[in-house]
Ligand code: GTP
Ligand code: MG
C-alpha cells in the first residue's frame, strides 16, 4: 500500500476545520493515519517543500501564508492513498473544485486552499523526508 504526506494549511487550522478534514480522510476504508502533528512550518522547511515553485509570482505570498500559523502535518497510509487524498482535496482553485471535495466545500481563495497532498510516489517520498526525517 502507499503512504502520502498531507498538510492541513494554516487557514484550515485557524478556521477550526481539523476535525472535519481529518474525519474525511480517516473515514476512507482501510486508510490509516501513521503520523500527525500540529507544527508551525519554518522557512527552510517550506523552501524545500515548495522548491518547484521558486520564482513564480505566487511563491513569496504562499511562503508567508504557510508560515502564518500552525499546520497539521500528517502521514496517511493505505490503498491508493496518494491519488485518493488528491481526489478528496479537489483541484488547486477552490472555485473550480466540485462541492463534496474539501476545497470545493470550504475554499474560495487559491492560496488559502486548506490542504496539501503529495501528487506522486516520488513526491510522497521526497516530502516524507522533509517533514518526518526519522520516519522509515
Ligand atoms: P499543493 O497540494 O499545496 O501542492 O497544491 P496543488 O498541488 O494543488 O498546487 P501546486 O503544487 O500547483 O501549488 C502549490 C500551492 O501554491 C497551491 O496549493 C496554492 O496554495 C498555491 N498556488 C498555486 N498556483 C497558484 C496561483 O496561480 N496563484 C496563487 N495565488 N496561488 C497558487
Ligand atoms: Mg502541489
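Read the figures in this text as sums done on the coordinates, not as results from a lab. Source: prediction; values computed, not measured. When we count neighbours, we look across all protein chains shown, and the Cβ atoms used for this are built from the backbone with ideal geometry, even at glycine.
What to note about this one:
- Considering only the Cα atoms of region 2-131, their convex hull presents on average a projected area of 7.1 nm².
- Taking a point 7 Å out from the Cα of residue 122 in the direction of its Cβ, the residues of region 42-79 whose backbone N falls within less than 17 Å of it are 49-54.
- Between residue 48 and residue 136, the FRET efficiency estimated from the beta carbon spacing at R0 = 30 angstrom works out to 0.95.
- Using the average count of surrounding beta-carbon atoms within 10 Å as a protection proxy, the listed peptides 52-60, 6-14, 33-41 rank, highest first, as 6-14, 33-41, 52-60.
- Spacing of the two label points (7 Å from each Cα toward its C-beta) at residue 15 and residue 80, in nm: 2.8 nm
- Whole-angstrom gap from region 1-55 to region 69-96, using each part's C-alpha centre: 7 Å
- Relative contact order of the chain, taken over Cα pairs closer than 8 Å and 6 or more residues apart, is 37 percent.
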